[in-house]
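Peer 1: Once you've had a glance at the structure underneath, I'll fire off some questions.
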Amino acid sequence: MTEEEKRALALQIMEQERLRSQSPLDAARERINVSLRHSEERRQSFASLAQKGHTWDELQEAYSSAYEQGKRDMVTFHLVFFYCSLALALREVFDFSSSAIKSFIGRVEEMMNDEDGREDLLTRCREQTGIDTTFADIPAIPNRSTRKDREAVNRMMRTGITSRDIELERESGYYYGRNSGFFLSAGYAGVALLLSRPSSFPADGANGEDAIHLEGVGQSDIESFLDRMEEISSEEICVSDILERAKNEAGIDASAAASEASYKF
């Protein structure tokens, strides 16, 4: 046994002897003292942060509320482009009426919000159409701590949280919420499944006999349709432009469908 190992063993034995010599009350008192010491350190840390009147809770609330707002805006943005491009493609490729387009969109929305979930929908799409729609998913930008973040925390510990810190946290929260992950694969899977099945959709002002009938579409034609949706989305650069185009060319106002209520995943 080396000298270092002997020293470690001796220290271990001394510690065991010390613990055995303690009464249960002594051990409890020591644990309480340690807890109180940690609590005091924590209190002092929060007091340091709040030197300028802004608390740690306020900083966290600024981030989380802005994150949720950013996420809502992100959902609305992507769903507007999805539903508008779907409406325009249905009018262009299949000459759907506005009533038929609304019916089709409604069925896609139901499938996206089916209680069995997104993975079940994607699996059914792959099995029944041979199409994997995960290409439409948008990954989140990872939120990683940087050296500047650590420096900012150290500075706040010394001088307190400022109004500018609150604003920066709000900007950061919105950015990461606006760039959080979006699983649009469920929407494209719903479109592919509907196109693959024989279906009927109401024509404008027509009775059931005059409804628009769509025979099951083959895999290659479905893939071409989904590609066309993506092309239409890329042709516009902002929400207002594609909303206006959908109204003018397809007779559809997609803003009502494009909300958090329409997006389960």
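Peer 1: Applying the selection to the stretch 148-178, what residues are of a type in the set (Lys, Arg) and within 25 Å of the chain's Cα centre (by Cα)?
Peer 2: Across the stretch 148-178, the qualifying residues are 170, 178.
Peer 1: Is it the case that some residue within the stretch 185-200 is among the hydrophobic types (A, V, I, L, M, F, W, C), out of contact with any Ser or Thr (no Cβ under 9 Å at 6 or more places or on another chain), in contact (Cβ under 8 Å) with a residue 60 or more places away in the chain and closer than 25 Å to residue 84 by Cβ?
Peer 2: yes
Peer 1: Residues to consider are 95, 116; find the one that is closer than 27 Å to residue 211 by Cβ and modelled with pLDDT under 95.
Peer 2: So the residue among 95, 116 that is closer than 27 Å to residue 211 by Cβ and modelled with pLDDT under 95 is 95.
Peer 1: Assuming residue 161 fulfils every condition listed in (1) closer than 30 Å to residue 117 by Cα; (2) buried (at least 18 other Cβ atoms within 10 Å of the Cβ) apart from one, which condition is it?
Peer 2: (1)
Peer 1: Take the stretch 126-142 and flag every residue that is over 29 Å from residue 173 (Cα atoms), touching a residue at least 12 places away in the same chain (Cβ under 8 Å) and not in a loop (DSSP other than H, G, I, E, B).
Peer 2: 128, 129
The values are calculated or read from the model by the stated rules, or taken from the named source; none is laboratory data. For clarity, every value in this text was computed on a predicted model and none was experimentally measured. Cβ: placed from backbone, ideal geometry, glycine included. Neighbour counts: every protein chain shown.
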